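Visitor: I am attaching a structure below and will ask some questions about it afterwards.
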Amino acid sequence: MKTIVWLARHGETHWTVEQRFNGRRDQPLSDAGRKQCQRLSSQMATQRLDAIISSPLVRCMETAQILARPHKISVIQEKRLSEMNYGNWEGLTYIEAQALDVSLFKLWENDPATVAPPGGETGEEVAARAIAAFESILNQYWGQQVAIVAHKTVNRILLCTLLDLPISDHRRSISQLPCALSRIEISVKGQILVNIPSGSTEGTLPPIKTVACALPRQSRPVELAFRAGQKSR
């Protein structure tokens, strides 16, 4: 019996368009973002969903509630899926954040796994809680089909971990447009098959561009045999 996880990013906000760091600040969806979510919901309406789990931040909850309407199920909040804390960079554009400390910004760009924004989180810290949340969801919904609604960085780090890619490369390796949707299938033996979007279309069912791999894990199927520290190379 396989477990299927649909991993979605929230819809567009005004800060998405302005390319501002948006971690823990609660930004609602824009009108365009709500339309993106409605398209995603329509495309997912024929899929069986046993549960929808979301980051508690409003942009994700709004997305998840739109996604849940055809299925007539309530959205479950999971705070460990919250976006990376960008600390003093919250609300700033990349240029504005870089101007605060050029050398630190360069270090962070080269290694976001171990370097944190001032007052914020490292990629490894995000990975530790996001992976723990993912494992908990698998344990609770093993053999079922669920949707997770989270954030650009959280989703990128989760997908890098599943695909055995370095967390430090998450921005270069994984595209996450608003409402990007990935499909993760886990077999009863713990093999993992991942389909991720290409970045050309938001809210479209995978495969768009398929990056699929089967990763046999030397553990019980509901325990993922990896941890954040092993992926920061």
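Visitor: Considering region 26-37 alone, what residues qualify as being surrounded by fewer than 17 Cβ atoms within 10 Å (Cβ to Cβ) and either closer than 14 Å to residue 61 by Cα or among the charged types (D, E, K, R) (or both)?
Guide: Step one: of region 26-37, the residues surrounded by fewer than 17 Cβ atoms within 10 Å (Cβ to Cβ) are 26, 28, 31-32, 34-35.
Within region 26-37, 26, 28, 31, 34, 35 qualify.
Visitor: Here is a list of conditions, (1) of a type in the set (Ser, Thr, Tyr); (2) in contact with a His (Cβ under 8 Å, 6 or more places away or on another chain); (3) part of a loop (DSSP other than H, G, I, E, B), and residue 63 meets all of them except one; can you say which number that is?
Guide: (3)
Visitor: Output the residues belonging to region 151-167 that are crowded, with 21+ Cβ neighbours inside 10 Å and farther than 17 Å from residue 195 by Cα.
Guide: 151, 153, 167
Yes/no per residue for (1) of a type outside the set (D, E, K, R); (2) assigned to a helix (DSSP H, G or I):
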{"residue": "80", "(1), (2)": "no, yes"}
{"residue": "99", "(1), (2)": "yes, yes"}
{"residue": "107", "(1), (2)": "yes, yes"}
{"residue": "113", "(1), (2)": "yes, no"}
{"residue": "116", "(1), (2)": "yes, no"}
{"residue": "125", "(1), (2)": "no, yes"}
{"residue": "128", "(1), (2)": "yes, yes"}
{"residue": "131", "(1), (2)": "yes, yes"}
{"residue": "136", "(1), (2)": "yes, yes"}
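Visitor: From 52, 76, grab the single residue that is surrounded by fewer than 21 Cβ atoms within 10 Å (Cβ to Cβ) and closer than 23 Å to residue 157 by Cα. Even if it seems obvious, please write down each step before you answer.
Guide: On the way: 52 fails: surrounded by fewer than 21 Cβ atoms within 10 Å (Cβ to Cβ).
None of the others qualify; the one that does is 76.
Visitor: Same structure, new question: Is at least one residue of region 2-17 in contact with a helix residue (DSSP H, G or I) (Cβ under 8 Å, 6 or more places away or on another chain), at pLDDT below 95 and under 24 Å from residue 185 (Cα atoms)?
Guide: Yes, that holds for at least one residue.
Visitor: Test each condition in (1) of a type outside the set (Lys, Arg); (2) touching a Cys at 6+ places or on another chain (Cβ under 8 Å); (3) assigned to a helix (DSSP H, G or I) for residue 32 and report the one that comes out false.
Guide: Unmet condition: (2).
Visitor: Still on this model: Could you count how many residues in region 176-191 are surrounded by fewer than 21 Cβ atoms within 10 Å (Cβ to Cβ) and not basic (Lys, Arg)?
Guide: Final tally of qualifying residues: 6.
Visitor: In the set 47, 43, 38, 19, which member is among the polar types (S, T, N, Q) and at positive phi?
Guide: 19
Visitor: OK, next. Take region 1-20 and flag every residue that is in a loop (DSSP other than H, G, I, E, B) and more than 15 Å from the chain's Cα centre (by Cα).
Guide: If the condition is that a residue be in a loop (DSSP other than H, G, I, E, B) and more than 15 Å from the chain's Cα centre (by Cα), then 1, 2, 13, 19 are the ones that fit.
Visitor: State whether the residues of region 80-100 include one that is hydroxyl-bearing (Ser, Thr, Tyr), touching an Asp or Glu at 6+ places or on another chain (Cβ under 8 Å), surrounded by fewer than 17 Cβ atoms within 10 Å (Cβ to Cβ) and in contact (Cβ under 8 Å) with a residue 12 or more places away in the chain.
Guide: Yes - at least one qualifying residue is present in region 80-100.
The values are calculated or read from the model by the stated rules, or taken from the named source; none is laboratory data. Just so it is clear, the model here is predicted, and its values are computed rather than measured. Glycine gets a Cβ as well: all are built from the backbone with ideal geometry, and neighbour counts include every protein chain shown.
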